[in-house]
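See below for the structure under consideration.
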Amino acid sequence: MTELIQKGKAAQKASYLLTGKTSQQKNEALSIIAQKLIENKDFLIHENKKDLHSGRQKGFSASILDRIMLSEKRIDDMAEAIQLLIEMNDPIGEVLETIHKDNGLLIKKCRIAIGVIGMIYEARPNVTVDAAALCLKTGNAVILRGSSSAAHSNMALVKVIQDALSETDIPSQAVQLIEDSSRKTAAEFFQLREYLDVLIPRGSKKLIDAVIKESSVPVIETGAGNCHIFIDETADENMAVRILVNGKTQRPSVCNSIESVLIQKEWFKRHGRNLLYILHEKEIEIYGDETVCAAFPEAKQAEEEDWSTEYLALKLSIKTVENVEEAIQHINKYGTKHSEAIITENEKHAEKFLTLVDAAAVYHNASTRFTDGFEFGYGAEIGISTQKLHARGPMGLPALTTTKYFIYGHGHIRE
């Protein structure tokens with residue numbers, strides 16, 4: 001029996017056992033996990049250093065190493081996110097709809113757990129904890145498959161989680177990790193339909209596209225983030241600069257950072273050169289259209305692929321446009337339906353942009369960096385869905401549930 005089949009069967013069994021667990025039992029387990037993460041900081045950081053050392057030897061970029069790194073603060077943040085999750089309402093059992101039929105039948109539509117969730121993700125070991133905590137809170141078992149770049153970190157985190165669960169009423173096999181990170185095993189994971197109820201990929205566009213193409217398990221698509229800011233003609237210069245710099249530099253390796261900037265031509269004539277010099281001072285590589293390159297010789301000529309590239313680094317593609325309509329057309333052509341922002345003092349332009357741009361999250365005069373489960377009040381998130389079915393945007397607890405109808409009768413038969 002392969003590792004996948006063994007863990008699939010164990011997860012399925014664990015999901016059945018989770019069905020009867022109360023909110024108190026789940027919260028107590030989460031509390032112990034948070035405590036164990038803090039207690040095992042030294043062990044987790046020690047194992048994480050192995051991944052960082054291997055990554056440096058392989059020539060990983062600074063942004064990828066940043067994704068992999070576990071620090072004391074990041075472990076504290078993971079524990080804090082779990083504590084916030086504990087305080088949130090358990091969606092399981094929530095009655096969404098009650099129907100009283102004239103014939104006396106009572107029908108209730110209620111939230112229930114999905115069952116067994118498969119997570120495949122790259123680099124970020126924090127996803128291991130976020131996914132485990134969210135799934136446990138919603139009564140789901142989870143099988144995790146991280147990338148080889150964070151193998152030691154993920155194994156250490158799952159060991160801490162399973163050790164914590166062994167002290168609770170929750171089965172430790174409710175959280176499992178596929179330790180074989182080969183592509184062959186990943187391909188087999190995509191076909192584990194007998195045991196997985198849903199598969200959630202989280203990572204690069206290449207990974208997500210591969211899962212969508214190859215999986216026989218239903219997929220919740222968490223898309224790559226080619227996020228845009230459109231600076232409209234009436235945009236306040238200081239606001240535009242501040243939001244753009246924040247959206248690009250605060251943490252360039254994440255999916256809600258800015259990758260492409262569209263600037264209305266009249267605004268560019270007035271403020272473009274100053275903006276470009278500020279970006280250059282921030283060590284941001286600029287890939288621009290002809291207008292941008294003419295105004296700023298340090299910029300590189302943008303190729304067609306730059307408009308659709310998620311750099312995840314200190315790089316930006318910048319294009320000048322005539323108006324909000326052209327900006328919307330460009331974003332809907334090249335965007336990934338993640339997060340898009342307009343900076344403007346024109347309310348009509350703002351409403352047109354927010355209404356017509358096809359994305360999970362749209363912003364007026366704010367940074368796209370806010371597209372995050374924690375910032376939206378969901379606690380941890382399992383991913384940011386860019387599809388339109390089941391869930392869209394940051395996926396918190398309700399996104400990890402499905403519904404079930406409970407029908408109560410008194411000997412009813414259908415005539």
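Each reported figure results from applying straightforward, stated rules to the coordinates on display, with no laboratory input. This one's a predicted model, so the numbers in the text were calculated from it and none came from an experiment. Note that we place each Cβ from the backbone using ideal geometry, even for glycine, and neighbour counts take in every protein chain shown.
Okay, here's what the table says:
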read-out	value
Farthest positive-ward along region 1-134 dipole, Cα basis, beta-carbon charges - from Gly55, Ile86, Ile75	Gly55
Net charge dipole size for region 227-370 [Lys, Arg +1 and Asp, Glu -1 on Cβ; Debye, nearest 20]	400 debye
Using alpha carbons only: equivalent-ellipsoid semi-axes of region 255-330, gyration tensor based, whole Å	17, 16, 11
Charge dipole magnitude, Cβ of K and R +1, D and E -1 - region 8-68, Cα centre, debye nearest 20	240 debye
Where labels lie 7 Å past Cα in the beta-carbon direction, separation of Thr22 and Glu298 in nm	6.3 nm
Global form of region 310-415, assessed from the alpha-carbon gyration tensor, a/c cut-off 1.5	prolate
Potential extension, Lys282-Glu214 segment - 0.36 nm per residue separation minus Cα distance	20.5 nm
The chain: radius of gyration over Cα atoms, expressed as a fraction of 2.2 N^0.38 Å	1.08
Segment Arg183-Asn332, length gained on full extension (0.36 nm per residue, minus Cα span)	50.4 nm
Virtual spin-label span in nm between Phe376 and Asn323, 7 Å along Cα→Cβ	3.3 nm
Gyration tensor verdict on region 232-283 (Cα atoms; rounded if a/c is under 1.5, prolate if a/b is larger than b/c, oblate otherwise)	prolate
Leading residue at positive end of dipole, the chain (Cβ point charges), from Ser153, Ala174, Gln329	Ala174
Segment Thr403-Ser166, length gained on full extension (0.36 nm per residue, minus Cα span)	82.4 nm
FRET efficiency, 1/(1 + (r/R0)^6) with R0 35 Å, evaluated for Leu354 and Asp102 via beta carbons	0.20
Rounded D (µm²/s) - region 79-219, Kirkwood Rh over Cα pairs, Stokes-Einstein at 10 °C, 1.306 mPa s	96 µm²/s
Rounded Å value of the spacing that divides the Cα centres of region 341-381 and region 132-175	33 Å
Restraint check, Lys248/Lys300; Lys7/Lys184; Lys337/Lys388; Lys206/Lys319; Lys49/Lys315; Lys49/Lys73, Cα-Cα greater than 20 Å	Lys206/Lys319; Lys49/Lys315
Inter-probe distance in nm under a simple model that places probes 7 Å from Cα toward Cβ, at Lys205 and Leu389	2.3 nm
Cα gyration tensor of region 177-287 - equivalent ellipsoid semi-axes, whole Å, descending	41, 14, 10
Formal net charge of residues neighbouring Leu389 (Cβ-Cβ distance under 14 Å; K, R +1; D, E -1)	+2
Net dipole in debye of the chain [+1 Lys, Arg Cβ; -1 Asp, Glu Cβ; about Cα centre; nearest 20]	1100 debye
Spatially proximal aspartates and glutamates relative to Lys352 (Cα-Cα < 16 Å; intrachain offsets below 8 disregarded)	Asp232, Glu233, Glu322, Glu325, Glu326, Glu340
GNM flexibility winner over the chain from Arg56, Arg369, Arg124 (Cα, springs under 10 Å)	Arg56
Estimated FRET transfer efficiency (Asp236, Ile413; beta-carbon r; R0 56 Å; 0.05)	0.25
Inverse mean reciprocal Cα-Cα distance (Kirkwood Rh) of region 47-149, Å	16.6 Å
The chain: most fluctuating residue of Ser54, Ser147, Ser204 per GNM, C-alpha cutoff 10 Å	Ser54
Debye log10 I(q)/I(0) at q = 0.22, 0.28 Å⁻¹ for region 361-415, Cα point scatterers	-0.88, -1.15
Shape category assigned to region 144-196 from the gyration tensor of Cα positions, a/c cut at 1.5	oblate
Relative counts (whole %) of C-alpha pair distances in region 227-370, using bins that are 10 Å wide	13, 50, 35, 2
